[in-house]
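Single-structure report; data block below.
What follows draws every value from the coordinates through simple rules; no lab data is involved. It should be emphasised that the depicted structure is a prediction, and the values quoted were computed from it without experimental measurement. As a convention, Cβ positions derive from the backbone with ideal geometry for all residues, glycine included, and neighbour counts pool all protein chains shown.
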Amino acid sequence: MAPKKTNEMQEHEMKELETAKIVAQTAKATAEAVFEAANAAAKLLAKDNVDTIKAVVELQTNVENMKEQHRCFEIEIKQQVSDLYPKIKEIFDKIDKIVLGRPTWVITTMLTILTSLVVGLAVFIITKL
C-alpha cells in the first residue's frame, strides 16, 4: 500500500503543480493585461496632455495676435483723432468769425427798441407842431 500512497501523492503533487502552473499563467496573463491597460491609459493621458498643451499654445498665440491687432487699431484710431483736431479747430474758428461778424440777439433787440422809440418820438413831435 505504501507505493500506492506515493502514486497518489505524486498524482496529488502533479495536480498541485498543474494548478500552480495555471494560477501562474493566469497571474502572468492578468499582469500583462494590467500592464497593457496601464500603458494604454498612460498613452491616452499623454495624448490628452499633448492635445491640451497644443490647445493652450494655440490660444496663447491667438491672444497675442489679438493684442497686436488691438495695439494697431489703437494707433490707427489715435492717428485719425489727431488728424481731426485741426479740422475741428478750423470749423470752430469759422463759427467764431461768423458769430463775431453779427450782432447778438440782445443788441438786435435793443436797436429795435431804440429805433421804435426814436421814430415814435419823432412822429409825436411832428404831430404836435
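Going from the alpha-carbon gyration tensor of the chain, what semi-axes, largest first and in whole Å, does one get by taking the root of 5 times each eigenvalue?
On the way: eigenvalues 2777, 79, 4 Å².
After diagonalising the Cα gyration tensor, the semi-axes are 118, 20, 4 Å.
Rounded to the nearest 20 debye, what is the charge dipole size of the chain about its Cα centre when +1 sits on each Lys and Arg Cβ and -1 on each Asp and Glu Cβ?
Values: 17 positive and 18 negative charges, 230 e Å.
Using Cβ point charges on Lys, Arg, Asp and Glu, the chain gives about 1100 debye.
What nm value, rounded to one decimal, do you get for the distance between E58 and E36 when each label is placed 7 Å out toward the C-beta?
Taking the two extended label points, one gets 3.3 nm.
Just to confirm the number: angle between the C-alpha axis of helix 105-128 and the first principal axis of the chain, 0 to 90 degrees, nearest 10?
Result, in degrees: 20.
From the phi angles alone, apply the Karplus equation (6.51, -1.76, 1.60; θ = phi - 60°) to segment 70-76 and give each ³J(HN,Hα) in whole Hz, x where the residue is Gly or Pro.
4, 4, 5, 5, 4, 5, 5
Which of V123, I98, Q60 sits closest to the plus end of the dipole of the chain, meaning its Cα is farthest towards the positive end, when Lys and Arg get +1 and Asp and Glu get -1 on the C-beta?
Working it through, the farthest residue towards the positive pole turns out to be V123.
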